[in-house]
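Heads up, the thing below is written out as structure tokens.
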Amino acid sequence: MAIGDMYVLDLKQSFLGQPLHNIFTYEASGTASSFALCQAFIDQVLTAVLRPIQCSQIVSVSVAAYNLGIPEDIFEITVGANGGITAEMLPVFNAINFTFKSGSRGIRPGSKRIAGIPETVQIDGTINDASYITALNALRVQFGEDLEGGDTDVYTPVIIKRVKYDVPDSDPVREAYRFPETDEELVFANFLNVLLNTKVSSQVSRKN
């Protein structure tokens, strides 16, 4: 598989101006483009199943995507829409955790933490509201589904292994991770499944 078939998507949300990011990666087939991926994600994930489980204090700012192998294939769509639940919200560092299990032993699982949990759907940090759990499971299933674009394009969720590198001009030398830049560096895995944890998690990083 070529690096030009791989896309990175950044869901940008905010709480009182504080940025919240979740990064997704996809393998594309057909007549793919960043614009089509953004639109498919908005229609099939964000509008359909994600915003309905978030409190209105969470604002979906935009969805941006780019192709790892084609620098010109980049796009961002402004959303500017609030979550669908009007209620008191748990602190923004509280989140629902979804684990993307890897289909390869050589690639670690992925994880997404979604903020905007209503206070009333949990007791002592465990989600216990049946209708809310049903909605979370709909999101869990959708996270593992292909996204269909407007033409023949299909976007399959994958986990892309990051590449370790030395940060230039760091003293002492500091290591970091980046997405692959060539076909030779590309290592990825399809999802084995997606798991939902009904115990409220803490969101350590906003760019997970």
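Worth a mention:
- Total residues in region 50-75, condition free of Cβ contacts under 8 Å to residues at least 40 places away in the same chain and more than 15 Å from the chain's Cα centre (by Cα): 3
- Extreme residue, nearest to the chain's Cα centre (by Cα), among residues of region 28-44 that are of a type in the set (Ser, Thr, Tyr) and buried (at least 16 other Cβ atoms within 10 Å of the Cβ): SER34
- Contact map, region 112-138: first residue aromatic (Phe, Trp, Tyr), second residue assigned to a helix (DSSP H, G or I), Cβ cut-off under 8 Å, separation 6 or more or different chains; pairs are TYR132/ILE53; TYR132/VAL121.
- Within region 139-192, tally of residues that are among the aromatic types (Phe, Trp, Tyr) and under 15 Å from ASN67 (Cβ atoms): 3
- Strands (runs of 3 or more DSSP E) fully within region 159-208 counting 2 or more residues that are more than 25 Å from LEU20 (Cα to Cα) and at pLDDT 95 or above: 188-202
- From the options THR86, THR47, THR78, THR25, residue that is in contact (Cβ under 8 Å) with a residue 40 or more places away in the chain, surrounded by fewer than 21 Cβ atoms within 10 Å (Cβ to Cβ) and among the hydroxyl-bearing types (Ser, Thr, Tyr): THR25
- Counted residues, region 138-152 - those being at pLDDT below 95 and surrounded by 17 or more Cβ atoms within 10 Å (Cβ to Cβ): 1
- Among (1) surrounded by 12 or more Cβ atoms within 10 Å (Cβ to Cβ); (2) farther than 28 Å from ALA28 by Cβ; (3) in contact (Cβ under 8 Å) with a residue 24 or more places away in the chain; (4) out of contact with any strand residue (DSSP E or B) (no Cβ under 6 Å at 6 or more places or on another chain) - the single one SER202 does not satisfy: (1)
- Test: residue in region 189-197 that is of a type outside the set (Gly, Ala, Ser) and crowded, with 18+ Cβ neighbours inside 10 Å: yes
- Filter result for GLY17 (out of contact with any Cys (no Cβ under 9 Å at 6 or more places or on another chain), within 23 Å of MET1 (Cα to Cα) and surrounded by fewer than 18 Cβ atoms within 10 Å (Cβ to Cβ)): no
- Residue-level analysis places ALA138 among those that are under 19 Å from GLN54 (Cα atoms), of a type outside the set (Val, Ile, Thr) and in contact with a helix residue (DSSP H, G or I) (Cβ under 8 Å, 6 or more places away or on another chain).
- Of the residues making up region 25-47, just one is in contact with a helix residue (DSSP H, G or I) (Cβ under 8 Å, 6 or more places away or on another chain) and under 16 Å from GLN13 (Cα atoms), namely VAL45.
The values are calculated or read from the model by the stated rules, or taken from the named source; none is laboratory data. Note that the coordinates shown come from a computational prediction; the quantities given were computed from them, not determined experimentally. For neighbour counting, all protein chains shown are included, and Cβ atoms are generated from backbone atoms with ideal geometry for every residue, glycine included.
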